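Since the structure comes first, as structure tokens, the remarks are kept for the end.
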Amino acid sequence: MRILVTGGAGFLGSHLCERLLKEGHEVLCLDNFFTGRKKNIQDLMKHSGFELVRHDVVQPILLEVDKIYHLACPASPVHYQYNPVKTIKTNVIGTLHMLGLAKRVKARMLLASTSEVYGDPAEHPQKETYWGNVNPIGIRSCYDEGKRVAETFTMDYHRQNKVDVKIVRIFNTYGPRMLPDDGRVVSNFIVQALKGEDITVYGDGSQTRSFCYVDDLIDGMVRMMESENFIGPVNIGNPEEYTILDLARKIIAMTDSKSKIARKPLPSDDPTQRKPDITLAKQKLNWNPAVSVDEGLKKTIEYFKKELSA
Ligand code: NAD
Ligand code: UDP
């Protein structure tokens with residue numbers, strides 16, 4: 001199979017490219033290098049089945065492929081709020097272009113959507129049937145509403161044009177190859193703890209997130225792409241839920257750090273709780289996360305230790 005991975009030089013995309021190459025596919029990695037890095041795909045460049053296209057999904061492109069994993073979009077709030085208009089364009093126009101391509105070359109397309117479509121959820125844990133609680137005019141809307149429109153486009157291309165589509169809703173995922181200055185909570189806390197700097201807890205730290213290790217996430221995504229007669233959306237995440245304060249304490253303990261906790265203002269519209277209901281993924285994909293938060297954090301801490309010493 002010839003497989004296109006948009007956002008392939010990013011955190012999740014680079015792990016996905018690696019997995020697909022291992023399975024013997026030809027991989028076309030498309031990225032504009034906004035938050036992606038050549039370093040993430042350096043080892044893959046040596047592989048004869050790997051090709052890199054520097055391109056922005058906001059511009060149309062024609063490629064001959066059998067499958068499309070559409071991941072292009074910054075995922076950290078710091079990055080997606082840096083240029084919110086561009087984030088909306090990436091999610092809306094970029095997804096439109098990938099669906100147009102899928103229609104033209106009859107490729108199957110998987111959309112990397114997000115738990116953010118649930119907004120600040122009034123239902124807990126979140127099932128796929130929940131329609132969400134999203135502020136349409138807030139600072140997170142460029143991402144949340146952008147992804148909601150991307151899901152709408154995906155379903156309409158399926159209903160109207162019979163495009164073969166899949167939607168996964170990804171919950172907070174962490175692991176090696178996150179950028180040290182990425183701004184997301186796991187990378188921030190680990191880097192701060194390793195440097196002995198203050199751990200920046202936003203608000204009172206009582207908000208919760210559920211953390212999935214990257215290998216589990218990629219496995220769920222591939223299972224979804226390979227499934228038949230199932231469009232989704234499906235939640236992919238690890239239901240192990242922590243308050244942000246508990247996560248900070250855990251990381252301080254695991255790194256044996258002298259760092260202190262410092263409170264910072266809570267950004268507006270920060271969801272108060274988040275945990276996936278993964279019943280559907282278990283039933284339809286026979287998928288279950290295999291890596292505990294303790295195990296995953298250990299591997300991620302080792303990765304950042306090496307990164308920082310280099
Ligand atoms: P990331 O920022 O590391 O990767 C995104 C990649 O997309 C980067 O390589 C970036 O350069 C590229 N990109 C951004 N805009 C582009 C554009 N206009 N054209 C071409 N390339 C572009 O983020 P990630 O964590 O790897 O997330 C990948 C996908 O998964 C995103 O769509 C994100 O919304 C989704 N997701 C991730 C998480 C998570 O916890 N990691 C959670 C929910 C959803
Ligand atoms: N957060 C924090 N300190 C940080 C970074 C994030 O307290 O240095 C909090 C943030 O306010 C949110 C949670 O951690 O409640 C997860 O943030 P992240 O940006 O990783 O993901 P998202 O909010 O998109 O789930």
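Here, each number is a calculation from the coordinates, and none is a lab measurement. Predicted model, so just to flag it, every value in this text is computed and none were measured. Cβ: placed from backbone, ideal geometry, glycine included. Neighbour counts: every protein chain shown.
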Report task. Starting from the amide H of Thr208, placed 1.01 Å from N in the peptide plane, find each other amide H under 5 Å away whose residue is 5 or more places distant or on another chain. Result -> Gln273, Arg274
**Report entry** Karplus-derived HN-Hα couplings along the range 162-169 (A = 6.51, B = -1.76, C = 1.60, θ = phi - 60°), whole Hz, x at Gly and Pro
**Finding:** 6, 5, 7, 10, 9, 10, 10, 9
Report task. Please determine, in degrees from 0 to 90 and to the nearest 10, the orientation of helix 141-161 with respect to the longest principal axis defined by the Cα atoms of the chain, where the helix direction is its Cα long axis. Result -> 20 degrees
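Counting Lys and Arg as +1 and Asp and Glu as -1, each charge on the Cβ, what is the dipole of the range 181-310 about the Cα centre in debye, to the nearest 20?
340 debye
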Query - Ranked list, fewest to most other Cβ atoms within 10 Å of each Cβ, for Leu179, Leu16, Leu99, Leu28 - result: Leu179, Leu28, Leu99, Leu16
Query raised in the report: Sorted from fewest to most neighbouring beta carbons within 10 Å, what does the list Glu151, Glu64, Glu116 look like?
Result: Glu64, Glu151, Glu116
Query raised in the report: What size of dipole, in debye to the nearest 20, comes out for the chain about its Cα centre when the only charges are +1 on Lys and Arg C-beta atoms and -1 on Asp and Glu C-beta atoms?
Result: 420 debye
Query raised in the report: Tell me, Asp31, Asp43 in order of fewest to most beta-carbon neighbours within 10 Å?
Result: Asp43, Asp31
**Report entry** Amide H within-cut-off set for Thr173, under 5 Å, with H built and near neighbours excluded
**Finding:** Cys212
Query raised in the report: What list of ³J(HN,Hα) couplings, whole Hz, do you get for the range 190-197 from phi and the Karplus terms 6.51, -1.76, 1.60, once you set θ to phi - 60° and write x for glycine and proline?
Result: 5, 5, 4, 5, 5, 8, x, 8
Requested in this report: Enumerate by residue number the trypsin sites (Lys or Arg not before Pro) in the range 16-77 meeting two conditions: DSSP loop (anything except H, G, I, E, B), and at most 16 other Cβ atoms within 10 Å of the site's Cβ.
Outcome: Arg37
**Report entry** In order through the range 250-259: 3J(HN,Hα) via Karplus (6.51 cos²θ - 1.76 cosθ + 1.60), integer Hz, x for Gly, Pro
**Finding:** 4, 5, 4, 5, 5, 9, 6, 8, 8, 4
Report task. Output the Cα-based Rg and Dmax of the range 127-169 in Å, rounding Rg to one decimal and Dmax to a whole number. Result -> 11.9, 34
Query raised in the report: Is it possible to state the helix-based mean residue ellipticity at 222 nm for the chain, with each DSSP H run of 4+ residues giving -39500 (n - 2.57), the sum divided by total residues, to the nearest 500 deg cm²/dmol? What is it?
Result: -11500 deg cm²/dmol
Query raised in the report: Along each of its three principal axes, how wide is the spread of alpha-carbon positions in the chain, in whole angstrom units, largest first?
Result: 56, 45, 38
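Going down the table (Lys260/Lys298; Lys147/Lys260; Lys89/Lys127), which pairs top 24 Å between alpha carbons? Working shown, then result.
Details: Lys260/Lys298 20 Å; Lys147/Lys260 36 Å; Lys89/Lys127 28 Å.
Those over the limit are Lys147/Lys260; Lys89/Lys127.
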